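S.K.: Sharing a structure, written as structure tokens. Questions coming.
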Amino acid sequence: MARLQFFENLKNIGVAVTYDDVRLKSGHSKVEPASVILESKFSRNIPLKIPIVSAAMDTVTEHKLAIGMAKLGGLGIIHKNLSAEEQAKEVAKVKFHLHGLIDKPICVYEDETIENIQKRIDEKGWKFHSFPVINRSGKLAGILTKNDFDFCDDDSQEAKDVMTEQVLTKEPDTPLEDAYDFMKKNKKKILPLVNDDLEVVGLYVFSDLARIIKGKSSMHNVDKKGRLLVGAAIGVGVPNILRAEMLIKKQVDVLVIDTAHGDSKAVLDTLMQIKKRFKIDVVAGNISEPDSALRLVEAGADGIKVGQGAGSICTTRIIAGIGCPQVSAIYNCASGIGVPVCADGGLRNSGDIPIAIGAGAHSVMMGGMLSGTEESPGEMIFLEGRQWKRYRGMGSLGAMRAHKESRARYRVTSKKMVPEGVEGMVPYKGRLADVIFQYLGGLRSGMGYVGAANIEELREKADFHRITHAGFVESHPHDIHITEASNYTPRE
Ligand code: IMP
């Protein structure tokens with residue numbers, strides 16, 4: 001491991017470094033940036049096609065950004081400044097965005113009246129009118145489609161009087177592509193999947209399948225059923241075990257115990273309880289010291305999140321006086337830990353991604369670099385001829401006032417709060433896909449310079465120069481009045 005000597009030397013003189021203190025050494029390379037492989041892992045069982053994860057912040061990740069991230073090969077972590085029910089709904093929106101297969105389709109009974117069914121549709125706000133019809137023993141009896149509702153002029157009739165009895169079905173494990181071909185050939189809009197007892201165990205809807213198949217990309221980060229992967233943040237204690245349960249019911253793929261101090265009894269206890277009760281990957285954090293990483297892994301963490309005080313909106317290091325500069329923190333926590341490490345916060349430009357990975361991370365988590373995109377939550381603000389979006393720390397006054405989970409993240413119990421984050425605005429950045437394209441372009445380029453064909457090789461081969469202030473100034477554009485710099489964030 002090339003970087004070992006560099007970091008051990010620093011440790012010996014008691015110095016810790018961060019992004020602006022270092023640059024990667026370039027080396028002999030046969031690697032073309034366009035052909036590098038960016039696959040990695042967020043946690044033991046959660047793959048990434050690109051090593052970027054969006055932060056669990058209320059101005060960064062709700063379903064729209066999480067959908068965008070997973071479609072681009074990354075992962076979004078839905079924030080927890082929401083009630084457990086609201087957060088679970090956000091998760092469901094991601095999981096069902098490409099829902100090839102509806103696991104538990106809504107069925108109607110054959111003896112229900114059309115009037116009654118229509119009432120349920122109105123009450124629940126369902127946007128569809130296709131239902132498998134079952135008898136009172138739970139067996140498939142027919143299907144109702146929009147036509148049956150449209151052509152029914154007596155809504156006191158029962159479903160069995162107007163439904164289609166001849167139903168084409170398929171067996172439970174029918175793959176999405178086979179279902180699509182079958183439905184297309186037979187001109188069927190819905191396809192119930194039934195088991196040997198004629199019970200409906202799944203449903204395909206043609207319009208969904210057509211959308212998935214036409215828009216399908218091999219870059220999508222999906223589960224075994226073809227659904228986008230998504231994570232969700234939780235806090236500590238009993239209410240958060242219940243929150244976890246609710247999120248798991250909505251098929252969340254990974255839970256992130258998201259706290260400002262991951263090496264605390266409350267986090268370790270919650271982690272152990274969740275690992276005991278549920279079969280799901282749990283990433284825990286945040287930490288910045290190697291002993292803390294060991295404790296979390298011993299307690300069952302499937303991944304750890306490193307970063308205390310690095311965030312662009314964060315004042316923890318200033319208010320509480322703690323923290324370790326991020327690049328050293330990543331190296332120290334990642335060494336020999338045995339689970340994937342996510343480097344959370346403090347990245348400003350694409351070049352920080354290969355540096356984080358080179359220091360030992362398997363993925364990076366971004367807040368500021370993904371805030372201000374089209375898909376991030378919040379309205380656009382027009383000010384002084386520019387477009388902006390709000391971005392705030394989860395420990396900012398506004399976020400803590402808005403939700404108790406934000407207060408809990410910073411262990412604030414009194415009404416008078418001591419914020420550890422700030423609130424503000426960031427320039428509107430445009431579409432997430434364009435932003436990520438630039439970030440990945442920088443990562444690919446960095447890998448090309450290092451000679452790393454994949455993420456693991458970057459972690460193996462990366463070595464660093466410690467730079468001086470003069471080196472830092474030289475690194476940035478200088479002696480020019482910049483008129484165009486679309487993929488560069490200058491230091492103010
Ligand atoms: P950024 O990418 O540099 O903007 O940092 C984002 C990260 O900062 C998040 O993923 C959190 O780990 C962390 N964070 C979020 N809100 C706060 C806060 O209010 N204070 C300190 N850290 C925060």
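S.K.: Carbon and sulfur atoms: what percent of the 1.4 Å accessible area of the range 108-215 do they account for?
M.R.: 45 percent
S.K.: So what J values fall out for the range 303-319 if you push phi through Karplus, 6.51 cos²θ - 1.76 cosθ + 1.60 with θ = phi - 60°, rounded to Hz, Gly and Pro as x?
M.R.: My calculation for the range 303-319 gives x, 10, 10, 10, x, 10, x, 8, x, 5, 9, 9, 10, 3, 5, 8, 7 Hz in order.
S.K.: Which of the lysines could a cross-linker span from K41 if the Cα-Cα distance has to be under 20 Å and same-chain partners fewer than 8 positions apart are dropped?
M.R.: Those lysines meeting the cut-off are K49, K71, K95, K224, K225, K275, K279, K305, K461.
S.K.: In the chain, how does Rg compare with the Kirkwood Rh, expressed as the Rg/Rh ratio over alpha carbon atoms?
M.R.: The Rg/Rh ratio comes out at 1.04.
S.K.: Next question, about the same structure. Tally Lys/Arg at +1 and Asp/Glu at -1 over every other residue whose Cβ is under 12 Å from the Cβ of Q118; what's the total?
M.R.: Numbers: positive: K119, R120, K124, K146; negative: E112, E115, D122, E123, D148, D150, D155.
Every neighbour counted, the sum reads -3.
S.K.: Given a 1.4 Å probe and the protein chains all in place, what does the accessible area of K429 round to, in Å² to the nearest 10?
M.R.: 70 Å²
S.K.: Mind jotting down a quarter of the surface of the convex hull over the alpha carbons of the range 90-157, in square nanometres, one decimal? All intermediate terms of the calculation are to be shown ahead of the outcome.
M.R.: Numbers: hull surface 21.7 nm².
So the mean shadow area of the Cα hull is 5.4 nm².
S.K.: Quick check on packing: order 259-268, 342-351, 134-143, 41-50 by the mean number of other C-beta atoms within 10 Å, highest mean leading.
M.R.: In descending order of packing, they fall as 342-351, 41-50, 259-268, 134-143.
S.K.: Considering only C-alpha atoms, what is the centroid distance from the range 365-406 to the range 412-430, in Å?
M.R.: 9 Å
S.K.: Just grab the label-to-label distance for A320 and S445, each label 7 Å out from Cα along the Cβ direction, in nm (one decimal).
M.R.: 3.6 nm
S.K.: Let me ask another. Taking the solvent-accessible surface of protein heavy atoms with a 1.4 Å probe, what is the per residue accessible area of the chain in Å²?
M.R.: Numbers: 23530 Å² over 492 residues.
Accessible area per residue, the chain: 48 Å².
S.K.: Compute the length gained on full extension between S264 and E245: take 0.36 nm times their separation in residues and subtract their Cα-Cα distance, giving the result in nm to one decimal. Can you show the working numbers first?
M.R.: Values: separation 19, 0.36 × 19 = 6.84 nm, distance 2.20 nm.
So the extension gain works out to 4.6 nm.
S.K.: Could you sort T489, T483 by their accessible area in this structure, using a 1.4 Å probe and putting the largest first?
M.R.: Working: T489 60, T483 125 Å².
If we order T489, T483 from most to least accessible, we get T483, T489.
S.K.: Over the heavy atoms of R317, what accessible area does a 1.4 Å probe trace out, to the nearest 10 Å²?
M.R.: The accessible area of R317 comes to roughly 70 Å².
S.K.: Modelled label-to-label distance, E85 and S35, 7 Å Cα→beta-carbon offset: nm?
M.R.: Spacing of the two 7 Å Cα→Cβ label points: 5.5 nm.
S.K.: With label points built 7 Å along Cα→Cβ from the Cα atoms of L4 and H469, find their separation and express it in nm.
M.R.: 3.5 nm
S.K.: Okay, moving on. Compute the orientation-averaged projected area for the range 108-215 from the convex hull of its Cα atoms and round it to one decimal in nm².
M.R.: Mean projected area for the range 108-215: 7.1 nm², to one decimal.
S.K.: Add +1 for every Lys or Arg and -1 for every Asp or Glu among the other residues with Cβ under 15 Å from the Cβ of Q5, and state the total.
M.R.: Summing Lys and Arg as +1 and Asp and Glu as -1 gives +2.
S.K.: Here is a further query. Explain nothing, just compute: Karplus ³J(HN,Hα) = 6.51 cos²θ - 1.76 cosθ + 1.60, θ = phi - 60°, for every residue of the range 281-286 in order, whole Hz, x for Gly and Pro.
M.R.: After applying 6.51 cos²θ - 1.76 cosθ + 1.60, I find 5, 10, 9, 10, x, 9 Hz.
S.K.: How large is the accessible surface of H63 in square angstrom, using a 1.4 angstrom probe and rounding to the nearest 10?
M.R.: 50 Å²
S.K.: Sticking with this structure for a sec: Run the numbers for N487 and K104: contour at 0.36 nm per residue of separation, minus the present Cα-Cα distance, in nm.
M.R.: Using 0.36 nm per residue and subtracting the Cα-Cα distance, I get 133.4 nm.
S.K.: Contact order normalised by length for the range 108-215, with contacts defined as Cα pairs under 8 Å and 6 or more residues apart; what percent is it? Let's see the in-between values first.
M.R.: On the way: 160 pairs, mean separation 24.8, N = 108.
This gives 23 percent for the range 108-215.
S.K.: Order these peptides, 300-306, 23-29, by their mean beta-carbon neighbour count within 10 angstrom, highest first.
M.R.: Values: 300-306: 26.7, 23-29: 15.4.
In decreasing order of mean packing, 300-306, 23-29 become 300-306, 23-29.
The values are calculated or read from the model by the stated rules, or taken from the named source; none is laboratory data. Because the structure is predicted, anything quoted here is derived from the model rather than measured. All Cβ positions, glycine included, derive from the backbone under ideal geometry; neighbour counts span all protein chains shown. Heads up: the accessible areas ignore ligands, DNA and RNA and are worked out on the full protein's heavy atoms, side chains in. Shrake-Rupley method; radii C 1.70, N 1.55, O 1.52, S 1.80 Å.
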